[in-house]
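Values quoted throughout were computed directly from the atomic coordinates according to the rules given, and no laboratory measurement underlies them. Quantities reported herein were computed from a predicted structural model and do not represent experimental measurements. Counting neighbours? That spans all protein chains shown, and the Cβs are built from the backbone with ideal geometry, glycine included.
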Amino acid sequence: MRYDVIVIGAGMVGTSTAWHLQKNGSKVLLLDKKLPGSETSYGNAGLIQREAIHTHPFPRQISEMVRVLPNQGTDIRYRIPAILRYHQALLQYWKYSSPASVKKIEAEWQTLIEHCTNEHQTMITASGAENLISREGWLQLHRSEETLKSAIAAADKDREQGVEHNVLTIEELKAMEPNANFDGFVGAIHWLNSWQVSNPSALVKAYAKSFQEMQGEIRENDVKEITPEADGWKVFTDNGTFYSDDLVIAAGPWSNELIKPLGYDLPLFPMRGYHQHFKITGKNTIKHSMFDMDKGFVMGPMQQGIRITTGAEMTTMDAPKNFGQLNTVLKLARKILPLDEAVESEAWAGSRPCMPDMKPVIGPAGKHEHLWFAFGHSHQGFTLGPITGRLVEELIHDKPLTVNVEPFNAQRFSKS
């Protein structure tokens, strides 16, 4: 069967891209080996982060590097095989993390983030998903006066970028979340215009259902190969072959596997995260997601329970799960909230697609006509899916662009 566009990858980015294309007149097929919202877009902190206007550079201070090296941290851990496999990308990551580079990168990154809530709202309204959204913001908890003071100064400056916040004392925190124990904390920042999502997978599925209601098609197929043809693209799957004029690769950390046979080798590397849910009781009910800034984990109220989400683990895609980081996080989380009964028998683990310059790849592939990339959003694919989808639709339909995509082009690494 032939389509105007085939989108490979049914996470938040791919589903949003398919939605925008179908809404604007294309006949679209969305392909993934799993149902929409079942992989990386399932396992996140459930935040649409309007405040996330800063990137996460590679640590350059000696004190920070010494802290990470013992590999016992709650925010970041690593495995040696992954360091060896992705060493070139990590070297680029270090290079792009110089203060001058970060300043330029963040200015470009912010052109995407500023649209995140507005673009989500368009799709939330169309899909009838308001019941999944809370607009009460989330809480960034601090254990030291030094980090809190620094964060407040940065947040005050961020008001210039449309980011809204309040500073909270411990007494104010206790009033907002009476079930939480804030011993050991000194205060918090309440990010006001970022949104919470009570079930991230359900939001992607709602967007996917809206896409289908516009006559878009979804197939749960495993893509084996993509091949250019004179008039477009041929996509081989485990259950049929499909044809299209345009092809969008939005497969997150799996994207490189699909495009390498075509001559592309982008410095994409995965960062793994873990989460586990705990049964909600009268003693641990909370209204806001809470991020322990000094320890690097999130506690959030979800439909499935209280979700505890770790920081990042640098590992390979096929490496077995290692629950050491999560177990350490849970010891800290249980001091804040009573977490007695786990919902799942085993914690979830999944990988996020990262690029060394901390920016996604959005735009034409470069070597092939009618091939488009939309991946590499690191921890913000859930936040940036709708604006990315809008941009890809504008590119394919040759419209004026909402955001200049030149900083996100796929060719930027061959120039460096």
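Once you keep just the Cα pairs under 8 angstrom separated by 6 or more residues, what percentage relative contact order results for region 129-187?
44
Please compute the Kirkwood hydrodynamic radius of region 90-201 from all pairs of different C-alpha atoms, in Å with one decimal.
So the Kirkwood estimate lands at 16.6 Å.
Gap in Å between the Cα centre of region 174-190 and the Cα centre of region 217-235?
Between the Cα centre of region 217-235 and that of region 174-190, the gap is 51 Å.
Express the relative contact order of the chain as a whole percentage, based on alpha carbon pairs under 8 Å and six or more residues apart in sequence.
Across the chain, relative contact order equals 27 percent.
Grab the Cα-Cα distance for Lys399 and Asn71, subtract it from 0.36 nm times how many residues apart they are, and report the gain in nm with one decimal.
Between Lys399 and Asn71, full extension yields an extra 113.3 nm.
So, by mean Cβ neighbours within 10 angstrom, what's the order for 386-395, 312-321, 284-293 with the highest one leading?
Order by mean packing, descending: 386-395, 284-293, 312-321.
Straight-line reach only, C-alpha to C-alpha below 15 angstrom: list the aspartates and glutamates that Lys260 could link to, leaving out same-chain residues fewer than 8 apart.
Glu225
Among His275, His142, His397, which one moves the most in a GNM of the chain with springs linking Cα atoms closer than 10 Å?
Maximum fluctuation in the GNM of the chain, among the listed residues, is at His397.
Relative to 2.2 N^0.38 Å, what does the C-alpha radius of gyration of region 293-340 come to as a ratio? Two decimals please.
This ratio for region 293-340 stands at 1.24.
Phe323 versus Glu344, label points 7 Å from Cα toward the beta carbon: distance in nm?
1.1
About the Cα centre of region 5-79, how large is the charge dipole given +1 on each Lys and Arg Cβ and -1 on each Asp and Glu Cβ? Please answer in debye to the nearest 20.
140
What is region 250-341 by shape, rounded, prolate or oblate, if you read a ≥ b ≥ c off the alpha carbon gyration tensor as root eigenvalues and call it rounded for a/c under 1.5, prolate for a/b larger than b/c, and oblate otherwise?
It comes out prolate by the Cα gyration axes.
Between region 36-64 and region 99-129, how far is it from one alpha carbon centroid to the other, in angstrom?
Centre-to-centre (Cα) distance: 13 Å.
Taking only the Cα atoms of region 335-416, how large is their convex hull per residue, in Å³?
Dividing the Cα hull volume of region 335-416 by its residue count gives 168 Å³.
Between Gln276, Gln161, Gln325, where does the largest GNM mean-square fluctuation fall for the chain, given springs only between Cα atoms within less than 10 Å?
It is Gln161.
Largest first and to the nearest Å, give the Cα extent of region 78-118 along each principal axis.
Cα spread of region 78-118 along its principal axes, largest to smallest: 40, 25, 13 Å.
Given a cut-off of under 8 Å on Cα pairs at least six residues apart, what relative contact order in percent is computed for region 23-179?
Here the relative contact order equals 27 percent.
Evaluate the Kirkwood expression for the hydrodynamic radius of region 197-286, namely the inverse of the mean inverse distance over all pairs of different C-alpha atoms, and round to one decimal in Å.
Mean inverse Cα-Cα distance, inverted, gives 16.8 Å.
So in the chain, what percent of DSSP beta bridges are antiparallel if you round to the nearest 5?
Close to 70 percent.
How many angstrom lie between the Cα centre of region 360-398 and the Cα centre of region 269-318?
28
Gaussian network model of the chain, Cα springs within a sub-10 Å range: biggest mean-square fluctuation belongs to which of Glu229, Glu217, Glu106?
Residue with maximal mean-square fluctuation among Glu229, Glu217, Glu106: Glu229.
Quick one: of Lys23/Lys205; Lys33/Lys234; Lys23/Lys234; Lys209/Lys283, which pairs are farther than 25 Å apart, Cα to Cα?
Listed pairs above 25 Å: Lys209/Lys283.
Can you spot the aspartates and glutamates whose alpha carbon is less than 13 Å from Lys279's alpha carbon? Ignore those fewer than 8 places along the same chain.
Asp340, Glu341, Glu344
Sorted by mean Cβ packing within 10 Å, highest first, what order do the peptides 368-380, 260-272 take?
368-380, 260-272
Can you pull the one-decimal nm distance between simple spin-label points at Glu229 and Thr241, each 7 Å off the Cα toward Cβ?
For Glu229 paired with Thr241, the spin-label model returns 0.8 nm.
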